[in-house]
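The values are calculated or read from the model by the stated rules, or taken from the named source; none is laboratory data. Note that this is a predicted model, so its numbers are computed, not measured. Every residue, glycine as well, gets a Cβ built from its backbone with ideal geometry; the counts of neighbours run over all protein chains shown.
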Amino acid sequence: MKHVLSLLLLLGLSTPLTAQDLIIVVSKKSPIKEISLFQLREIYLGNMKRLAGKTVRPIHVKPDDPLRHAFEDLVFPANFDAEEYWQNSKLQGGPDPPPAVRGWGLVSAYIAKNPGFVGYLPAEKITEVEAMQLKVVTVAGD
């Protein structure tokens, strides 16, 4: 079953933020139109570097941002500890964590200038995506 976040996420904001409060975005120039939760998880864990024949990289907001918590609740299992995962990855010579910026505004600007990146924004920004030179990606379940 596919979840089209861009449609489901137009519901009102609640506290704390949930998956319904975010959209997944890429550059308008990206060939990516759809992504599965599995692919999204693998990209954010540094295990998947290519999608739709192109290099793909993730970008996060800072760990203390409620939007990031909503994203991680959507993509990772309930018992997943991102901080522990990246500490172990570093110790084992694995990939580095995705870059993290302060706020969704920097995420959108970064993706617009770097077409190989994928990120997430508040769902309320869906009407502004095209003006930001981005597009919303359909997210399919695992």
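Below is a table of values for the structure above.
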quantity	calculated
Residue list for region 121-142, restricted to those being part of a helix (DSSP H, G or I) and either free of Cβ contacts under 8 Å to residues at least 60 places away in the same chain or more than 21 Å from L74 (Cα to Cα) (or both)	T127, E128, E130, A131, M132
Residue satisfying all of: in region 81-97; touching a helix residue (DSSP H, G or I) at 6+ places or on another chain (Cβ under 8 Å) and small (G, A, S); nearest to R57 (Cα to Cα) among these	G94
Scan of region 119-133 for residues that are crowded, with 17+ Cβ neighbours inside 10 Å, in contact with a helix residue (DSSP H, G or I) (Cβ under 6 Å, 6 or more places away or on another chain) and over 15 Å from L67 (Cα atoms), ordered by number	M132
Extreme residue, surrounded by the most Cβ atoms within 10 Å (Cβ to Cβ), among residues of region 23-65 that are farther than 20 Å from A100 by Cβ and small (G, A, S)	S30
Single residue of region 52-62 satisfying the filter (without any contact (Cβ under 8 Å) to a residue 60 or more places away in the chain and outside any loop (DSSP other than H, G, I, E, B)) that is nearest to the chain's Cα centre (by Cα)	H60
Among the residues listed as I35, I43, the single one being modelled with pLDDT of 95 or more and assigned to a strand (DSSP E or B)	I35
Test: A100 is in contact with an Asp or Glu (Cβ under 6 Å, 6 or more places away or on another chain), touching a residue at least 40 places away in the same chain (Cβ under 8 Å), among the aliphatic types (A, V, I, L, M) and within 17 Å of V25 (Cβ to Cβ)	no
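Quick grid of which residues meet (1) under 20 Å from L22 (Cβ atoms); (2) modelled with pLDDT of 95 or more; (3) of a type in the set (V, I, T); (4) in a loop (DSSP other than H, G, I, E, B):
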{"site": "D64", "(1), (2), (3), (4)": "yes, no, no, yes"}
{"site": "P77", "(1), (2), (3), (4)": "yes, no, no, yes"}
{"site": "Y85", "(1), (2), (3), (4)": "no, yes, no, no"}
{"site": "K90", "(1), (2), (3), (4)": "no, no, no, no"}
{"site": "P98", "(1), (2), (3), (4)": "yes, yes, no, yes"}
{"site": "S108", "(1), (2), (3), (4)": "yes, yes, no, no"}
{"site": "I111", "(1), (2), (3), (4)": "yes, yes, yes, no"}
{"site": "G119", "(1), (2), (3), (4)": "yes, yes, no, no"}
